[in-house]
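Below is one structure, written out as structure tokens, with a few remarks after it.
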Amino acid sequence: MVAGDVGVTSPLRLTDIAAQAQVSEATVSRVLNGKSGVAAGTRHKVLAAMDLLGYERPVRLRRRSNGLVGLLIPELTNPIFPAFAQVIEQALAGHGYTPVLCTQTPGGATEDELVEQLEERGVTGIVFLSGLHADAAADPARYQRLAARGVPFVMINGFNEHVNAPFVSPDDRAAARMAVRHLADLGHERIGLAIGPTRYVPSARKAEGFKAALAELGLPSDDSDIQRTLFTVEGGHAAGGALVDRGVTGIVCGSDPMALGVIRAARERGLRVPEDVSVIGFDDSPLIPFTDPPLTTVRQPVRAMATAAVGALLEAVAGHPVQRTEFVFQPELVVRGSTSHPPVV
């Protein structure tokens with residue numbers, strides 16, 4: 001790695017950066033020499049290209065941070081959370097803010113403790129991803145107190161009508177309905193649902209959409225065909241075993257890791273996916289297309305949701321009026337190899 005004025009002394013590196021950023025060498029030179037007349041998006045592409053190629057940025061290009069923004073997420077083991085974190089951090093950095101990632105782990109700091117630590121560091125705002133706002137059993141007063149202290153915040157995945165803040169969510173009811181309809185179109189009549197505890201808003205909404213879809217299609221519905229468990233591979237494994245043992249041939253899951261657990265449970269019983277049991281996940285996290293079989297899943301619009309959340313937060317930070325409501329984004333069914341026609345009896 002060589003530091004210094006790349007735009008003047010290293011034409012070869014200019015060529016590399018221009019090719020990576022898909023801009024002209026003249027544009028790269030203007031960015032690296034701090035010249036005006038370059039759009040913010042283009043400037044970001046050039047700096048990103050430098051980072052990807054391993055070049056150190058010239059000192060003149062190192063911007064002062066506009067402030068710290070906290071990002072609270074439940075964990076890193078579920079790939080959907082790092083996927084959200086990456087987009088949120090990119091969006092914040094693009095506006096000159098420094099993201100501070102806070103992860104909750106069992107036995108570690110609680111959400112309230114992390115918020116207190118962020119406030120002590122003078123954060124400009126906070127993004128909550130699948131936090132206590134998604135838990136109907138949690139006390140929403142914590143967020144009312146946070147708002148009273150003048151800290152702007154935004155919520156992703158989960159809604160609470162008692163919290164005065166912008167919310168960004170996928171349409172969980174629609175997600176469950178489209179998954180059920182896909183299985184029904186393939187010929188499945190016994191369809192089950194594996195989700196988390198219903199005190200979580202996304203789980204409750206998926207259960208509502210699931211039941212509504214079965215009723216609309218005239219398919220049998222039994223409370224035992226909804227298994228409430230953990231949002232993990234282990235939770236999916238337990239739920240999948242119970243559903244398969246009940247004769248269910250199609251299973252909709254509340255997360256991709258749960259779907260992988262369902263597949264494992266089916267295979268332990270000598271069943272094939274999708275020939276004997278069809279499985280649908282939820283999220284479409286990055287590695288899911290490479291599972292065995294490639295997982296049919298409902299894709300969360302991560303980039304659109306994360307960008308909207310950051311936009312709403314920064315509007316509040318700037319003192320502009322922000323609509324205190326829930327912005328609902330439409331998911332997309334991605335059909336791959338884990339769903340098929342039910343076995344012929």
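The values are calculated or read from the model by the stated rules, or taken from the named source; none is laboratory data. Note that the structure is a prediction, hence the values are computed from the model and not measured. Because the Cβ atoms are built from the backbone with ideal geometry, glycine has one as well, and the counts that use them run over all protein chains shown. We work out accessible area using only protein heavy atoms, side chains counted, and drop any ligands, DNA or RNA first. Shrake-Rupley method; radii C 1.70, N 1.55, O 1.52, S 1.80 Å.
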Original post:
Only one residue in ASP276, ASP292, ASP283 is surrounded by 15 or more Cβ atoms within 10 Å (Cβ to Cβ), over 19 Å from ALA85 (Cα atoms) and among the acidic types (Asp, Glu). Which one?
Top reply: ASP276
Original post:
Among the residues of the stretch 29-57, which ones are aliphatic (A, V, I, L, M), loosely packed, with under 12 Cβ neighbours inside 10 Å and over 15 Å from GLN90 (Cα atoms)?
Top reply: ALA39
Subject >> Subset tally (residues that are touching a residue at least 24 places away in the same chain (Cβ under 8 Å) and over 14 Å from the mean Cα position of the chain (by Cα)) for the stretch 135-166 >> reply: 16
**OP:** Would you confirm whether any residue within the stretch 195-215 is touching a helix residue (DSSP H, G or I) at 6+ places or on another chain (Cβ under 8 Å), crowded, with 23+ Cβ neighbours inside 10 Å, under 19 Å from SER255 (Cα atoms) and among the acidic types (Asp, Glu)?
**Re:** no
Original post:
Among the residues of the stretch 88-120, how many are in a loop (DSSP other than H, G, I, E, B) and closer than 24 Å to GLU315 by Cα?
Top reply: 2
Original post:
So which residues in the stretch 75-87 are of a type outside the set (Val, Ile, Thr) and either part of a helix (DSSP H, G or I) or surrounded by fewer than 18 Cβ atoms within 10 Å (Cβ to Cβ) (or both), if there are any at all?
Top reply: GLU75, LEU76, PRO79, PHE81, PRO82, ALA83, PHE84, ALA85, GLN86
Original post:
Restricting attention to the stretch 122-134, which residues are outside any loop (DSSP other than H, G, I, E, B) and in contact (Cβ under 8 Å) with a residue 24 or more places away in the chain?
Top reply: GLY125, ILE126, VAL127, PHE128, LEU129, HIS133, ALA134
**OP:** Go through the stretch 318-341 and give me each residue that's surrounded by 20 or more Cβ atoms within 10 Å (Cβ to Cβ) and not polar (S, T, N, Q).
**Re:** PRO331
Subject >> Selected residue [of a type in the set (Gly, Ala, Ser), closer than 30 Å to GLY41 by Cα and modelled with pLDDT of 95 or more] from GLY125, GLY96 >> reply: GLY125
**OP:** Take the stretch 142-192 and flag every residue that is of a type in the set (Asp, Glu) and either at pLDDT below 95 or open to solvent by 40 Å² or more (accessible area, probe 1.4 Å) (or both).
**Re:** GLU161, ASP185, GLU189
